[in-house]
Amino acid sequence: MLYVTGITGHSGHWFVKRLVNEDYKGKIRCVVRDGSDTDFLDKSGLDIEKVVGDLNDQDFLTSTMRGCNTVLHIASIIYSKKVVNAAAHNNVEWAILVHTTGRYSKYKSASAEYIAIENDVLKCRERMGITVLRPTMIYGSSRDRNMYKLISFLHKIKFFPMFGEGKNLMQPVHARDLGNAYYDVILNRSNTFNKDYNLSGKQPLSYLELVRTVSNALGRYNIIIKIPLWFSVLAARLYNVVDKRAIISVEQVLRMQEDKAFGYEEAMRDFAYSPISFKEGIVEEVNEYLAKNNSSRTKQR
Ligand SMILES: NC(=O)c1ccc[n+]([C@@H]2O[C@H](COP(=O)([O-])OP(=O)(O)OC[C@H]3O[C@@H](n4cnc5c(N)ncnc54)[C@H](OP(=O)(O)O)[C@@H]3O)[C@@H](O)[C@H]2O)c1
């Protein structure tokens, strides 16, 4: 029995699609919340048992994990300790935890919590196999919280302000590549048991290239205004002095300059991970945005 958290999320959807495509016959128990949208799960034809509860609830996790031998924890690193506790209590053989490349940030405010949680849960490797998957920024549809906002901004506004030169590298990963990776990790257990993998997009691109790629996919000619870093930092500092609820901090401006490109050679070697490029992947998200935008305009008329 496979136990899954976060199956109703962005990459969870793609994992379910892959299970369906592969005609997966195994039993799956998945955690959903009261308000989770489970329509696609109910219609999937998979052998799915839903357990309704919250991942903050240790007793719920421990009691519902009974009888499961593998856990795929997609929901969030903040629940990993409780998930691993429940797994240890139930003698689970293998826990696959979806964490984040955020642990590699040189800014402690971004990485310290992730490192602390991960180091803590990995102590349980003596009791069970723990495989850690670390995605970079996830994109791919209106379900993401990053690229969709950028698409909307570039579609509506001609000018795009960029803090610094935009030379920092990024390597966003498409949610479909992640969903497929979850499946392939499980399938290739003899290679992937107890290992760690970064999961990123095909190749790195600079932030400037990324914005231009989205702009091109939209068929727009956005004018990118580069704001010198020294000025951006000064402006953020002043902004934070005058507004205690400022939506951007000095550190966030500096963090934007950090490279967030991570290789995936181990994943390629162990389970043939082969992600698509950002240029290919962003087109469908842009098309989804344009289709929604056109239909809401038509309704308004
Ligand atoms: N977004 C990024 O750029 C990014 C970058 C690196 C790593 N990650 C990590 O990668 C993983 C996969 O991301 P994703 O974008 O596919 O996920 P997502 O779309 O954010 O979905 C989160 C899932 O977790 C469930 N969930 C959240 N809190 C819960 C709780 N308290 N109790 C029960 N279920 C709960 C949600 O249920 P509902 O459907 O009820 O909301 C949903 O199914 C996550 O661990 C995420 O933190 C994300």
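Below, the figures for the structure above:
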item	result
Cβ pairs under 8 Å, 6+ apart, first in segment 90-107 and over 18 Å from F15 (Cα atoms), second assigned to a loop (DSSP other than H, G, I, E, B) and within 7 Å of the ligand (Cβ to nearest atom)	T101/T136
Residue that is surrounded by the fewest Cβ atoms within 10 Å (Cβ to Cβ) [pool: residues in segment 102-121 that are in contact with a Leu (Cβ under 9 Å, 6 or more places away or on another chain) and within 22 Å of H89 (Cβ to Cβ)]	E118
Any hit, segment 95-107, residues being over 26 Å from G281 (Cα atoms) and modelled with pLDDT under 95	yes
Test: R134 is loosely packed, with under 15 Cβ neighbours inside 10 Å, of a type outside the set (S, T, Y), over 15 Å from K292 (Cα atoms) and under 18 Å from the mean Cα position of the chain (by Cα)	no
Checklist (1) within 16 Å of the ligand (Cβ to nearest atom); (2) at pLDDT below 95; (3) over 19 Å from S76 (Cα atoms) applied to I151, failing item	(2)
Selection count where residues are under 25 Å from the mean Cα position of the chain (by Cα) and in a loop (DSSP other than H, G, I, E, B), scope segment 186-233	9
Hits in segment 201-233 - residues which are without any contact (Cβ under 8 Å) to a residue 40 or more places away in the chain, surrounded by 15 or more Cβ atoms within 10 Å (Cβ to Cβ) and farther than 23 Å from K106 by Cβ	R212, N216
Residues that are within 11 Å of the ligand (Cβ to nearest atom) and among the hydroxyl-bearing types (S, T, Y), drawn from segment 154-189	Y182
Candidate set from segment 234-247 (those that are surrounded by fewer than 16 Cβ atoms within 10 Å (Cβ to Cβ) and under 15 Å from G164 (Cα atoms)); member that is modelled with the highest pLDDT	L234
Among the residues listed as E285, E251, E265, the single one being acidic (D, E) and modelled with pLDDT under 95	E251
When residues of segment 42-98 are limited to those that are aromatic (F, W, Y) and within 27 Å of N188 (Cβ to Cβ), the one farthest from the ligand (Cβ to nearest atom)	W94
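The values are calculated or read from the model by the stated rules, or taken from the named source; none is laboratory data. For clarity, every value in this text was computed on a predicted model and none was experimentally measured. Positions of Cβ are generated from backbone atoms using ideal geometry, with glycine treated the same way; all protein chains shown enter the neighbour counts.
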